[in-house]
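In what follows, a structure is listed as structure tokens, so that the remarks can point back to it.
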Amino acid sequence: MLKTAVQEQLLPGDTLQAKWEFAQQAGYDAIELRGKGDLHFASRLDELKQARKDGVVMPTVCVDMLHFLGAFDEDLRRDAIAQMKSQLTVIAEIGGTGAQTPASYGMFSRRLPPFEPPRGEAEDREILLAGLTELGEHARREGVTLFLEPLNRYEDHMVNRLDQAADLIRATGLDSVRIGIDSYHMNIEESDPAAAILAHADLIGHAQVSDSNRFQPGAGHLDWRAWLTALHTIGYDGHLALECRLTGDPVDAVRSVPAFLKRSGA
């Protein structure tokens, strides 16, 4: 059965409880949280625990930080890993399933000048494996999962496709690290997004959705029937978490997504 989630910043309301009331009325099954840096997510623990007591379903958190585990600077890498460990601990404490992060975001692109990053591919791999292993071991201890999200070539120069994420994850040897797919990035990077899903069925742990133009599903040209059919074929039973910009009336746009995805995946 198709389950949908929506990131908290897209919902109207001043509290998670108010956002959840709207989300349920719109047809969503969960809220995906956003985890800011400087241990901000941990500072929300009392709020999150109360929301859980009040019935808010919050299975996942997606990072919202300025630097990530693949940063060029060692201090920034260590901070990103510390932030992610904290977010994994918090999501475990409120009964969630895991946290999603890219290797980097906006740090460098081989498709834009100066084209050659200051660090080579071998060192990139070494650093990513070290970070993913450390975070994966922490996730395993907490009983949750780290989801590695491939981003498009203009936002990250290291992990753009599912096969690249899969290679790193297999190298860690950890079941607590899985791929977090995103329909928008896949539309840019995968020659056949549905085939990529089928090829990496054993490693897909989470899914985020937005259309080809980064707006809400239904506002672009992505082949949703093929994408959703592939997820159904592999037996994906997690949430489809809405992470996008909104076009048109924002409330109507958010409200439209569950029904659109259910029609497209029928």
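A few remarks follow.
- Taking region 202-214 as the range and being under 18 Å from Gln100 (Cβ atoms), among the polar types (S, T, N, Q) and free of Cβ contacts under 8 Å to residues at least 60 places away in the same chain as the test, only Ser210 passes.
- Residue list for region 71-83, filter: in contact with a His (Cβ under 9 Å, 6 or more places away or on another chain) and not in a helix (DSSP H, G or I): Asp73
- Looking across region 235-244, the residues that are surrounded by 15 or more Cβ atoms within 10 Å (Cβ to Cβ) and either of a type outside the set (A, V, I, L, M, F, W, C) or within 22 Å of His200 (Cα to Cα) (or both) come down to Tyr236, Gly238, His239, Leu240, Ala241, Leu242, Glu243.
- When restricted to residues that are open to solvent by less than 40 Å² (accessible area, probe 1.4 Å) and under 30 Å from Thr233 (Cβ atoms), region 9-52 contains 9.
- Among the residues making up region 21-67, those that are touching a residue at least 60 places away in the same chain (Cβ under 8 Å), in contact with a strand residue (DSSP E or B) (Cβ under 6 Å, 6 or more places away or on another chain) and either assigned to a loop (DSSP other than H, G, I, E, B) or of a type in the set (Asp, Glu) (or both) are Tyr28, Asp29, Glu32, Pro59.
- For region 96-113, the tally of residues that are of a type in the set (Ser, Thr, Tyr) and open to solvent by 40 Å² or more (accessible area, probe 1.4 Å) stands at 2.
- Note on region 151-169: among residues that are of a type in the set (D, E, K, R) and either closer than 17 Å to Ala207 by Cα or without any contact (Cβ under 8 Å) to a residue 12 or more places away in the chain (or both), the one that is surrounded by the most Cβ atoms within 10 Å (Cβ to Cβ) is Arg161.
Residue-wise test of (1) touching a residue at least 12 places away in the same chain (Cβ under 8 Å); (2) open to solvent by 20 Å² or more (accessible area, probe 1.4 Å).
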position	(1), (2)
Gly180	yes, no
Glu190	yes, yes
Pro193	yes, yes
His200	yes, yes
Gly218	yes, yes
His221	no, yes
Arg225	yes, yes
Ala230	yes, no
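Results for (1) closer than 24 Å to Asp156 by Cα; (2) small (Gly, Ala, Ser), shown as yes or no for each residue.
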{"residue": "Thr15", "(1), (2)": "no, no"}
{"residue": "Gly55", "(1), (2)": "no, yes"}
{"residue": "Met84", "(1), (2)": "yes, no"}
{"residue": "Glu93", "(1), (2)": "no, no"}
{"residue": "Gly106", "(1), (2)": "yes, yes"}
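- Scanning region 243-256 for residues that are part of a helix (DSSP H, G or I) and of a type in the set (A, V, I, L, M, F, W, C) yields Val251, Ala253, Val254.
- Residue list for region 114-132, filter: part of a helix (DSSP H, G or I) and open to solvent by less than 20 Å² (accessible area, probe 1.4 Å): Asp124, Leu128, Gly131, Leu132
- Long-range neighbours under 6 Å by Cβ, at least six apart or interchain, first residue within 17 Å of Gly35 (Cβ to Cβ) and free of Cβ contacts under 8 Å to residues at least 40 places away in the same chain within region 68-83, second charged (D, E, K, R) and open to solvent by less than 50 Å² (accessible area, probe 1.4 Å): Ala71/Arg77
- Unmet requirement for Arg255, which otherwise passes all of (1) within 16 Å of Thr4 (Cβ to Cβ); (2) crowded, with 21+ Cβ neighbours inside 10 Å: (2)
The values are calculated or read from the model by the stated rules, or taken from the named source; none is laboratory data. Model, not experiment: these values are computed from the prediction. Positions of Cβ are generated from backbone atoms using ideal geometry, with glycine treated the same way; all protein chains shown enter the neighbour counts. These accessible areas exclude ligands, DNA and RNA; they are computed on the full protein's heavy atoms, side chains included. Shrake-Rupley method; radii C 1.70, N 1.55, O 1.52, S 1.80 Å.
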